[in-house]
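What follows is one structure encoded as structure tokens, with my remarks underneath.
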Amino acid sequence: ASVSAGGAVYSRGITNIGSLNYFEQNTSNLGGAIYIDSGTTTISNMVAFTQNSADFGGAIVASSGTTNIADFVFFTSNTATNSGGAVFIDKNATVIVSSANYYTYNKATTGVGGAIYNTGVMSIGAGTENALTSFTENSAESGGAICNNNFLGLADIGLFGGNKANFAGVDVCNIEDG
């Protein structure tokens, strides 16, 4: 059965997810595996999101607050029927991605941001040396890997490769609403 937000976890407050957690085949309307409503959420240390699905944010929706994604977090084959194949970042959220994260085979079937759709604030690399975050084989209408609609800081990205977009930004697209 599908829930409306967070197929496995609905986060409000301080939430730490780490040490070999696996989220597989979870389903919801918003955030197939995790919906972050508010507060500070840390996802780190060998966490895997595989084959989760949602209308927005196949694996995660960050609605507000601050989310840190670090130290070997894997997003593989997650699907959003709309936008944010793996991660959807809403306008009131900040997401910081650092230290070896992998986005592979995620897709936004009718929307944008095969791996990530950002309308909030997002930093990838976040000042860490050798962040080595990679985006490979993701797909969307625009922004095969990332579609940005607000603030996106990129530093020390390891790899973009094999991403696909039907209209704009095979790897990254930058759009502005009205």
Item to check | Within the chain, longest stretch clear of exposed GluC sites (Glu not before Pro) (DSSP loop, no more than 11 other Cβ within 10 Å) | outcome: 1-128
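Using a Förster distance of 35 Å, how high is the FRET efficiency between R12 and T110, based on the Cβ-Cβ distance and rounded to 0.05?
On the way: r = 29 Å, r/R0 = 0.84.
It comes to 0.75.
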Checklist entry - Using Cα-only point scatterers and the Debye equation, what is log10 of I(q)/I(0) for the chain at each q in 0.15, 0.20 Å⁻¹, rounded to two decimals? => result -0.69, -1.33
Next on the checklist: Would you report the distance distribution of C-alpha pairs in segment 1-62 as whole percents per 5 angstrom bin, up to the bin with the largest distance?
Outcome noted: 6, 23, 29, 26, 15, 2
Checklist entry - Which three extents, in whole angstrom, do the alpha-carbon atoms of segment 73-178 cover along their principal axes, largest first? => result 35, 29, 19
Checklist outcome for this item: Most fluctuating of L132, L154, L30 in the GNM of the chain (C-alpha, under 10 Å) is L154
Item to check | For segment 43-111, convex hull volume per residue from C-alpha positions, Å³ | outcome: 64 Å³
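Just so you know, all these numbers are worked out from the coordinates, no wet-lab data involved. Quantities reported herein were computed from a predicted structural model and do not represent experimental measurements. Cβ atoms come from the backbone with ideal geometry, glycine included; neighbour counts cover every protein chain shown.
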